[in-house]
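The values are calculated or read from the model by the stated rules, or taken from the named source; none is laboratory data. Just so it is clear, the model here is predicted, and its values are computed rather than measured. Cβ placement follows ideal geometry from the backbone for every residue including glycine, while neighbour counts extend to all protein chains displayed. Ligands, DNA and RNA are stripped out before the accessible areas are found, and what is left, the full protein with its side chains, is counted by its heavy atoms. Shrake-Rupley method; radii C 1.70, N 1.55, O 1.52, S 1.80 Å.
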Amino acid sequence: MYLQELELHNYRNYETLTIPFENKVNVILGENAQGKTNLMEAIYVLALAKSHRTSNDKELIRWDAEYAKIKGRLHKTHGTVPLELTISKKGKKAKYNHIEQKKLSRYIGNMNVVMFAPEDLNLVKGSPQVRRRFIDMEIGQISPVYLYDMSRFQKILQQRNHYLKQLQMKKQTDWTMLDILTEQLIEQAAKIVMRRFEFVRMLEEWARPIHHSISRGLEQLEIQYKPSVNVSEELDWSKMIKSYENKFAEIREREIDRGVTMAGPHRDDLAFAVNGRDVHTFGSQGQQRTAALSVKLAEIELIYSEIREYPILLLDDVLSELDDYRQSHLLNAIQGRVQTFVTTTSVDGVDHQTLREASMYTVKAGQIVR
């Protein structure tokens, strides 16, 4: 798949913009604070209906405007389809092929993107929250059911935390409601964790040979899902449910004392190991970056294996963060296969055929100059 055209109205520092793109590498050049990353973010938001930079949608709307609109023309194997996302203070409206989607979970996944930005280099060494967000965003693109299950889980989690806080403050004394919420939470948690186990296993299968190649055959990468409850991929549904029930029975009084849910998918993590050693704790910066790059390239292949179309790759100011060898590996991997958007202040020093053949765009104060 590839994005043929992007149209913006009142998006960040863009008042209005219509720009065609080619099915190859598109380089967005410009000084800092001119709108390069805003353009990249708009493509990401068009695909996933949320930003990778902020959780506050109001920040996406141009100053003093009532709404922001992003439109795109997406080419897929079966033809070209229009996408449209309107963001206002009242919420979001999404259209796919001119038809409004009542649920965002039905819209997300029609356009698949893989974002690689400097903060993604923190995937290995950053907080568990970064890794959970990564898992959720990637599974969500290929599984609308997962998005629904996550949404249900978050609502139940919020209700359960509220009730735990009420019990903590002695505003409630009835534990029956807590038992009901716990049962509902466990069912959603088990669905989510089973899907995450499956995703991480597939991700490792793709990432391992990529990492082996980038490390010149010297390193073996392992990726492991680390649940906050003693469950594993081998457990069947009933045993997984039982493990969660045992865990919540064990920690119930501590949860009431603290007024918060202490176990579940929102407390889980990912672990990366190279040659059997934890990369987060013992890995060099180079090893951490190689692991992050391997995972991003694996995402591309994983999505292709699931939907039989390559996703669109967004490289936001990341080339300058990689050394020449990793740059070359990345550019070789995408050459001629994946529509790619690259933002950078300059391509000087990047000597690669992929960039020499790229379409170049220059951004100045929210305007595109070709």
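Select from the range 25-50 the residues that are part of a loop (DSSP other than H, G, I, E, B) and closer than 15 Å to Val114 by Cα and write down the one among them that is most open to solvent (accessible area, probe 1.4 Å). Let's see the steps before the verdict.
Just the residues of the range 25-50 that are part of a loop (DSSP other than H, G, I, E, B), to begin with: 30-35, 49-50.
From what's left, closer than 15 Å to Val114 by Cα: 49-50.
Details: Ala49: 4, Lys50: 89 Å².
For the range 25-50, the residue satisfying everything is Lys50.
For Lys239, only one of the following conditions fails: (1) assigned to a helix (DSSP H, G or I); (2) crowded, with 18+ Cβ neighbours inside 10 Å. What is its number?
Checking Lys239 against (1) assigned to a helix (DSSP H, G or I); (2) crowded, with 18+ Cβ neighbours inside 10 Å, the one that fails is (2).
Which one of the conditions (1) in contact with an Asp or Glu (Cβ under 9 Å, 6 or more places away or on another chain); (2) surrounded by fewer than 18 Cβ atoms within 10 Å (Cβ to Cβ); (3) not β-branched (Val, Ile, Thr) does Ala263 fail to meet, given that it meets all the rest?
(2)
Quickly run through the range 126-135 and pick out the residues that are touching a residue at least 12 places away in the same chain (Cβ under 8 Å) and surrounded by fewer than 18 Cβ atoms within 10 Å (Cβ to Cβ).
Pro128, Arg132
For the range 344-360, which positions are touching a Leu at 6+ places or on another chain (Cβ under 7 Å), at pLDDT 80 or above and either of a type in the set (Lys, Arg) or open to solvent by less than 20 Å² (accessible area, probe 1.4 Å) (or both)?
If the condition is that a residue be touching a Leu at 6+ places or on another chain (Cβ under 7 Å), at pLDDT 80 or above and either of a type in the set (Lys, Arg) or open to solvent by less than 20 Å² (accessible area, probe 1.4 Å) (or both), then Thr344 is the only one that fits.
With respect to the numbered conditions (1) of a type in the set (Val, Ile, Thr); (2) within 13 Å of the chain's Cα centre (by Cα); (3) open to solvent by 70 Å² or more (accessible area, probe 1.4 Å), which one is the sole condition not fulfilled by Ile99?
Failed condition: (2).
Filter the range 209-236 down to the residues that are over 22 Å from Arg152 (Cα atoms), aliphatic (A, V, I, L, M) and surrounded by 19 or more Cβ atoms within 10 Å (Cβ to Cβ) and list them by number.
Hits for the range 209-236 are Ile210, Ile214, Leu221, Ile223.
Conditions (1) surrounded by fewer than 21 Cβ atoms within 10 Å (Cβ to Cβ); (2) within 15 Å of Lys125 (Cβ to Cβ), marked per residue:
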site: Leu270; (1), (2): no, yes
site: Val274; (1), (2): no, yes
site: Arg277; (1), (2): yes, yes
site: Ser284; (1), (2): yes, yes
site: Gln288; (1), (2): yes, yes
site: Ala291; (1), (2): no, yes
site: Val295; (1), (2): no, yes
site: Ala298; (1), (2): no, no
site: Glu306; (1), (2): yes, no
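(1) part of a helix (DSSP H, G or I); (2) open to solvent by less than 40 Å² (accessible area, probe 1.4 Å); (3) closer than 19 Å to Ser294 by Cβ: which one isn't true of Trp206, the others all being true?
With respect to (1) part of a helix (DSSP H, G or I); (2) open to solvent by less than 40 Å² (accessible area, probe 1.4 Å); (3) closer than 19 Å to Ser294 by Cβ, Trp206 is out only on (2).
Can you find a residue in the range 176-190 that is within 20 Å of the chain's Cα centre (by Cα), closer than 29 Å to Lys239 by Cα and at pLDDT 90 or above?
So far as the range 176-190 goes, yes, one or more of its residues are within 20 Å of the chain's Cα centre (by Cα), closer than 29 Å to Lys239 by Cα and at pLDDT 90 or above.
Suppose we keep only residues that are in contact with a strand residue (DSSP E or B) (Cβ under 9 Å, 6 or more places away or on another chain) and open to solvent by less than 10 Å² (accessible area, probe 1.4 Å) within the range 175-203. Which one would you say is farthest from Ser151 (Cα to Cα)?
Leu203
Would you mind finding the one in Leu104, Leu121, Leu85 that is surrounded by 15 or more Cβ atoms within 10 Å (Cβ to Cβ) and over 24 Å from Tyr146 (Cβ atoms)?
From the options Leu104, Leu121, Leu85, the qualifying one is Leu121.
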